[in-house]
1. Over segment 1-103, with every protein chain in place, what whole percent of the accessible area is carbon and sulfur at 1.4 Å, could you tell me?
2. Provide the gained length on full extension for the span Val189 to Phe90, in nm with one decimal, where the gain is 0.36 nm per separating residue minus the Cα-Cα distance.
3. Can you work out the accessible area per residue across the chain, with the rest of the protein chains kept in place, probe 1.4 Å, in square angstrom?
4. Cα-Cα over 24 Å: which of Lys143/Lys215; Lys52/Lys219; Lys23/Lys52; Lys94/Lys143; Lys143/Lys167; Lys30/Lys230?
5. Peptides 40-53, 160-173: what's the order by average Cβ count within 10 Å, highest mean first?
6. For segment 25-37, just list the computed ³J(HN,Hα) in residue order, Karplus coefficients 6.51, -1.76 and 1.60, θ = phi - 60°, integers in Hz, with x standing in for Gly and Pro.
7. Rounded to the nearest 0.05, what FRET efficiency do Arg35 and Glu146 give with R0 = 45 Å and r taken as the Cβ-Cβ distance? Could you check?
8. What angle do you read, to the nearest 10 degrees and between 0 and 90, between the alpha-carbon axis of helix 77-91 and the longest principal axis of the chain?
Amino acid sequence: MFTQSVIESLGYYVYFLQDPFDKEVFYIGKGVGNRIFDHLECAITSDLESEKLDRIREINNKGGLVEHFILRHGLTEDMSFEVEAALIDFVGMKNLSNLQSGHNSSDYGLKTVEEISSMYQAEEFAAEDPVILININKLYDRKMTEEELYQATRRSWVVGERREKAKYAIPTYRGLTREVYEIQNWVNVPEHGPRRFEFSGILADEDVRQKYRYKSIKKHFPKGAANPIKYVGLD
C-alpha cells in the first residue's frame, strides 16, 4: 500500500494489472490513493465473482503475484479519464477483463478514418419500417467477418413481444448503424435465460441497406443507456 506522502504526490493516475506468467495486461483502470490495490484485496477477502477477480485468484493459486503498473500519474481527474479510455481502446475490450469501455469512448474513442467521416457526416437514423436496434458494442470487432457480425447481432437478447413486430434488426456500434438484417423468425433460447431470444434472418435488400446503414443513432442511445435494445417505428 502507498504511504500518505506517495498518495499526495501521485494525484490521479492510470494503471494496469499484468499477469506475471504470460505478461498479459488484463485490466486497465484509473484512480487515486490506493485504488490500484483494491482489486487484489477484493479477490482475497470477498466471494464476488468477475473475470478480473477470477484471474487474480488464479494467479494467486499458482503462486504468483499480480504485477501492478502505474502508466501515468500527476493527472487531473479529467485527464485520467481520457488516458484510461485511450488505453482501453488501444488494447481492446476483448483482451481485458474491464466491464465497461472508457469514458466517452462512443464519441471520441478508437475509430477508423472511414468511421470518423461517417460519424461527422452521418444523417440521423430515421425508421420508415418497424426495426429493432441492437447495440453490440461489447461484441463488435473491426476484423470480424460478415458471418461473425450476423451471429453477434442475432443472439441472444432479452426482448419482449414487440420483437415480433420488427421487420429488420440493425446492429449498432459506437453511435452508428452497421448492417441491416431482415428478420424471418424469433426463437427462445432458454439455456441462456427464460426471456432470451435469438432471431434468424437474411441480409436485407440493397436498397434497404443503403437507407439504414451508417446512420447516427445517438438520440436513440443517449449517454449512460444500459439497455442494448431499442424498438423504433413499432407503435
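1. Numbers: 3190 of 5990 Å².
It is 53 percent, rounded to a whole number.
2. Values: separation 99, 0.36 × 99 = 35.64 nm, distance 3.40 nm.
Separation in residues times 0.36 nm, less the Cα-Cα distance, equals 32.2 nm.
3. Working: 13440 Å² over 235 residues.
Averaged over the residues of the chain, the accessible area is 57 Å².
4. Values: Lys143/Lys215 20 Å; Lys52/Lys219 33 Å; Lys23/Lys52 15 Å; Lys94/Lys143 12 Å; Lys143/Lys167 27 Å; Lys30/Lys230 31 Å.
Table pairs above 24 Å Cα-Cα are Lys52/Lys219; Lys143/Lys167; Lys30/Lys230.
5. Details: 40-53: 13.1, 160-173: 18.4.
Per-residue mean Cβ counts within 10 Å order the peptides as 160-173, 40-53.
6. 6, 10, 7, 10, x, 10, x, 9, x, 9, 3, 4, 8
7. Details: r = 42 Å, r/R0 = 0.92.
Calculated transfer efficiency: 0.60.
8. With rounding to tens, the tilt is 70 degrees.
The values are calculated or read from the model by the stated rules, or taken from the named source; none is laboratory data. As the structure is a computational prediction, the values presented were derived from the model and not from experiment. Because the Cβ atoms are built from the backbone with ideal geometry, glycine has one as well, and the counts that use them run over all protein chains shown. Just the protein is used for accessible areas: all its heavy atoms, side chains included, with ligands, DNA and RNA removed. Shrake-Rupley method; radii C 1.70, N 1.55, O 1.52, S 1.80 Å.
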